[in-house]
Amino acid sequence: MRSAAAALAKVALWVSLAAAAAAANTDASWWAYTHVHVVNEFGGGRVLTVHCKSRDDDMGTHWVGPNSEYEWRFRPSIFGNTLFWCHVWKGGSQIVYDAYYADDDKLYDRVYMDNSYWVVKDDGLYLRQFWKGIDVFWRPWP
C-alpha cells in the first residue's frame, strides 16, 4: 500500500510541476505562447481586412487601421501540427497564406522569439525579421 501511495504522490508532484511550468510560460516551446501579428502598412490610410483561422479556432474578420496590427496568441500543439492560415484583402484581391505552421521548417525558422510579424504593403505580403532588420518578401498581390 505504501508503494502505491508513493507512486501516486510522485505522479501528483509531476503534474503540479507541469502545471506550474505552464502557468509560468517557460521557454519550453510547447508551453510558451506564440504570437502572430498582421500589420497594416498600406499607403494612403487604407484599412486592411484580415481573417485568420485554424482547424479548431476561427479568429473572425478584423479591420486593421493604418499603421496598426491585429494580433493573437496561442500555445502550439505538443504534437507539432498547429496550423493557422490567413486571408488578407486589398480591394477585390486577396492573399491566402500560412501564418503559422509548426511542421514547416522553412517558415518556423523565420519566426523569432515565438513571434511572427506579417506585414501587408501595397505591393504584397512580407514576413518581418526584426533580428535581421529586414522584411522578407513573401507573396505579391494577384
Across 5 Å bins from the origin, how do the percents of Cα pairs in region 31-111 run, short distances first?
3, 14, 25, 24, 17, 11, 5, 1, 0
More than 13 angstrom separation, counting every C-alpha pair in region 29-72; what % is that?
59 percent
Please give the length that would be gained between residue 93 and residue 35 if that part of the chain were fully extended, namely 0.36 nm times their separation in residues minus their C-alpha to C-alpha distance (nm, one decimal).
18.3 nm
Charge context of residue 137, other residues only, Cβ under 10 angstrom, K/R +1, D/E -1
0
If you stretched the chain out fully between residue 68 and residue 47, how much longer would it get, using 0.36 nm times the residue separation minus the C-alpha to C-alpha distance?
6.6 nm
One finds, for residue 79 and residue 129 with R0 = 22 angstrom and r their Cβ-Cβ distance, a FRET efficiency to the nearest 0.05 of 0.25
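Computed from the coordinates by the stated procedures, all read-outs in this text should not be read as laboratory data. Everything numeric here is computed off the predicted structure, so don't read it as measured data. Cβ sites come from the backbone with ideal geometry, for glycine too, and all protein chains shown count toward neighbours.
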